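Read through the structure below, which is laid out as structure tokens, and then see the notes.
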Amino acid sequence: MDHDPTSRTSFGCPSDILEKLDEIADREDVSRSKKLRELVRREVEAKGDLEGPTPVLPDNERLSKAYRTLHDRAHAPYKNNPRVKLETAKNKLYSNETPKSAVLDEIIKPLENLGYLSVWPGNQHVWVIVPPMQYTDGEDIVESAEKATA
């Protein structure tokens, strides 16, 4: 057995996401629980170095979460440019508490004013440019694919 059966947790999850997770687990011929343990282990390995420098994030939890979402999207391993289309950013950030029509004024502009990103009009799209995250010691965080090997 690869886990401690006395340590349990439960959480809510949208049913459509859970269905997709089950399909992925079935395709990999593992149980939902095993797949979740694997995903949690990977997340802890990737972000669990509590002794290392921490990223500089906005003090506001909502803006911090939004910035992390945009940073992860802009700096995904398959991306060549650290940017996200404004429309994509709105789609990623809207919620029950922030309707899509309010994302620009309530999340993106405050992040831009704090220096976490910038909004640039392009030829066909408006882009949200997300520079590399900064550590508390001022060093740039490299793209996530490189960070794992750095």
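The values are calculated or read from the model by the stated rules, or taken from the named source; none is laboratory data. Quick caveat: nothing in here was measured; it's all calculated off a predicted structure. As a convention, Cβ positions derive from the backbone with ideal geometry for all residues, glycine included, and neighbour counts pool all protein chains shown. The area values use the complete protein model at the heavy-atom level, side chains included, leaving out ligands, DNA and RNA. Shrake-Rupley method; radii C 1.70, N 1.55, O 1.52, S 1.80 Å.
A simple rule links phi to the HN-Hα coupling: the Karplus curve 6.51 cos²θ - 1.76 cosθ + 1.60 with θ = phi - 60°, which for segment 127-132 gives 10, 9, 8, 10, x, x Hz, with x for Gly and Pro. For a label point 7 angstrom out from the Cα of Trp120 toward its Cβ, which stretches of segment 63-89 have the backbone nitrogen within less than 15 Å? 74-75, 80-86, by backbone N distance to the label point.
Listed here are the pairs Lys34/Lys109; Lys34/Lys100; Lys35/Lys65; Lys34/Lys92; Lys34/Lys90; which of them are more than 30 Å apart at the Cα? Too far apart for the 30 Å limit: Lys34/Lys109; Lys34/Lys100; Lys34/Lys90. In this structure, the amide hydrogen of Trp127, modeled 1.01 Å from its nitrogen in the peptide plane, lies closer than 5 angstrom to those of Leu86, Trp120, Gly122, counting only residues at least 5 positions away or on a different chain. Each residue of segment 29-34 is assigned a 3J(HN,Hα), and the resulting list reads 6, 10, 7, 4, 4, 5 Hz, derived from the Karplus form 6.51 cos²θ - 1.76 cosθ + 1.60 (θ = phi - 60°), x at Gly and Pro. Gain on full extension, evaluated as 0.36 nm per residue between Arg62 and Lys20 minus their Cα-Cα distance, stands at 12.4 nm. Solvent exposure of Lys79, expressed as accessible area, is near 50 Å², computed with a probe of 1.4 Å over the protein chains only.
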